[in-house]
Amino acid sequence: MRWLMGGQVYDVSTGSFRTADIGIAHGRIATVGSGARREHADDTIDATGLWLLPGLIDCHVHLTLPTDAGDPAASANRSDAAITLYAAGAAARTLHAGITTVRDVGGWNYVEMAVRDAV
């Protein structure tokens, strides 16, 4: 189990923030509490001073639409390979912003599916 120790979490039952340890097992939040048993930790991360929250979901993205294209038709002159590389970069930027799940609502020649499968 991986432990994030001492981070700030929002407790919906009290409507306030508190310090907590979060245990993650098999890629999912398994426990939230304090005073975690570190001897059962495969990995421990000091989250003191950090805010912890689950991954966010963006339900309307266009990973294949370059932001430098004021006209979406301008992408028609770009190769599928170039658009795929752009989409991979857009996915990485999205992930670094804390968004772990997206719903792409208009891709380009199915290259967003290739990016999904590569991740």
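Counting just the residues of the range 101-119 that are touching a residue at least 12 places away in the same chain (Cβ under 8 Å) and on the phi > 0 side of the Ramachandran plot, which one comes out farthest from the chain's Cα centre (by Cα)? Ranking the qualifying residues of the range 101-119, first place goes to 109. Within the range 76-100, residues that are among the acidic types (Asp, Glu) sit with their Cβ atoms under 7 Å from residues that are at pLDDT 90 or above and surrounded by fewer than 17 Cβ atoms within 10 Å (Cβ to Cβ), at 6+ positions apart or across chains, in these pairs: 80/109.
Residues of the range 80-99 include none that is touching a helix residue (DSSP H, G or I) at 6+ places or on another chain (Cβ under 7 Å) and modelled with pLDDT under 90.
Listed by first and then second residue, the pairs with beta-carbon distance under 7 Å, at least 6 apart or on different chains, first residue in the range 1-24 and under 9 Å from residue 47 (Cβ atoms), second surrounded by fewer than 16 Cβ atoms within 10 Å (Cβ to Cβ) and of a type in the set (Phe, Trp, Tyr), are 7/51; 8/17; 8/51. Inspect all residues belonging to the range 22-36 and state whether any of them is modelled with pLDDT under 95, surrounded by 11 or more Cβ atoms within 10 Å (Cβ to Cβ), out of contact with any helix residue (DSSP H, G or I) (no Cβ under 9 Å at 6 or more places or on another chain) and in a loop (DSSP other than H, G, I, E, B). Checking the range 22-36: at least one residue is modelled with pLDDT under 95, surrounded by 11 or more Cβ atoms within 10 Å (Cβ to Cβ), out of contact with any helix residue (DSSP H, G or I) (no Cβ under 9 Å at 6 or more places or on another chain) and in a loop (DSSP other than H, G, I, E, B). Residues of the range 80-119 that are under 20 Å from residue 55 (Cα atoms) and either touching a Gly at 6+ places or on another chain (Cβ under 6 Å) or polar (S, T, N, Q) (or both): 94, 100, 101.
The values are calculated or read from the model by the stated rules, or taken from the named source; none is laboratory data. These numbers were taken from a predicted model, which means no experiment stands behind them. Methodologically, a virtual Cβ is constructed for each residue, glycine included, from the backbone with ideal geometry; neighbour enumeration extends over all protein chains shown.
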